[in-house]
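What follows is calculated from the coordinates using simple rules that are stated; it is not laboratory data. Since we're looking at a predicted model, the values are computed, not measured. Cβ: placed from backbone, ideal geometry, glycine included. Neighbour counts: every protein chain shown.
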Amino acid sequence: MHKIGLVFWNKEQKRLRTFWRLLVFFCVYTLVTLLFAFLSTFILPANTPLHLTATVVEFLCVCLMLYVGGKLLDRRSFSDFGFHINRRWLKDFIFGLGLGALLIAAIFTTELSLGWIQIKGFFRSFPIGEIFTLSLFKTLPLFICIGFCEEMLMRGYLLRNLAEGCNLHQKHARTALLVAMLLSSVIFGILHAMNPNTSLVSTVNLSLNGIFLALGFLLTGELAIPIGLHITWNIFQGPVFGFPVSGIRTFPRMIEIQQSGPIVMTGGAFGPEAGFIGLAAIVIGSVMICVYSKKNYKGMKLEEHLAQYHSSRTETV
């Protein structure tokens, strides 16, 4: 019985082993999300847009689960998931915001100069007929919350736990981080495979996008760069420049465009993330993150503590 128990319980760390922590966390997260969604139908006004309701529910559930799950399952504080917020964190966040906007602007400019984009109008609301500013006001919180939620779950919780699980005997932190980055990024790509207009290429590219987003976390130990990058990458891709965002176009657009050109380059109906130009932007962005990290963090090194469990860290808030 003792040996069977060790399959579930890490005696040294006094907590569940990685697989069981992840299983319990995401099962409870799913149940809590469904419960909150059900309760929200009674709490929120009946005319609240469905996507806005879902966004609020998901954001609250992710924050709650990261706090409670972190304490009970991981034995660590909320801040240890990449939220040691200070001036440096805010600086990294602003860098991430700027980088996401810059890369999508570069994609738009490139396709426009090649004649693959035609501008058909401006300030197109969704649903059609709604005041544009109102439509945009209801949409921006969606993309902001998606940026926070996906990074907290995929990088903050999943990647960190996978890294600790792969770090055998606490002696292979760097290898564990790289393996965890690859595994979490593949999962990130597969989860988006349920989106409209997906293909094998889009799934592979989104997995590479996951590596791109993870890079800022691994080099700084914080989620500031990934969250900022994720937010503006989506907002400038969709509501600003009118591209599909991971196959979705149900949002207002400041610029209404019509695309042509080879799908292998543009990504077609899925958006730039499925095209070679989007892939090139990811590579350039990765280099820029490395340069930023080298300049601001005294060298370009993986934050090995992300793969190392220290029970004493849970005593701090």
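Below is a table of values for the structure above.
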read-out	value
At most 15 other Cβ within 10 Å, DSSP loop - GluC sites (Glu not before Pro), the stretch 119-160	GLU130
Kyte-Doolittle mean at least 1.0 and Cα axial length at least 20 Å: DSSP H helices in the chain	18-43, 50-69, 132-150, 173-191, 200-220, 276-296
Gain in span if fully extended, LEU64 to VAL283, counting 0.36 nm per residue against the direct Cα distance	75.4 nm
Cross-link table LYS71/LYS301; LYS14/LYS298; LYS138/LYS298, entries beyond 31 Å C-alpha to C-alpha	LYS14/LYS298; LYS138/LYS298
Theoretical FRET efficiency, 1/(1+(r/R0)^6), r = Cβ-Cβ of ILE131 and ARG249, R0 25 Å, to 0.05	0.85
Förster radius 25 Å - calculated FRET efficiency between GLU12 and LEU191 (Cβ-Cβ, nearest 0.05)	0.20
Length-normalised contact order of the stretch 84-315 in % [C-alpha pairs under 8 Å, at least 6 apart]	31
Interchain or long-range residues, amide H under 5 Å from HIS172's placed H	none
Extension gain (nm, one decimal) between GLU304 and LYS120, 0.36 nm per residue minus Cα-Cα	61.3 nm
Label-to-label distance, nm, for residues given as ILE85 and LEU102 (7 Å Cα→Cβ offset)	2.5
Burial ordering of VAL264, VAL62, VAL28, fewest other beta-carbon atoms within 10 Å first	VAL264, VAL28, VAL62
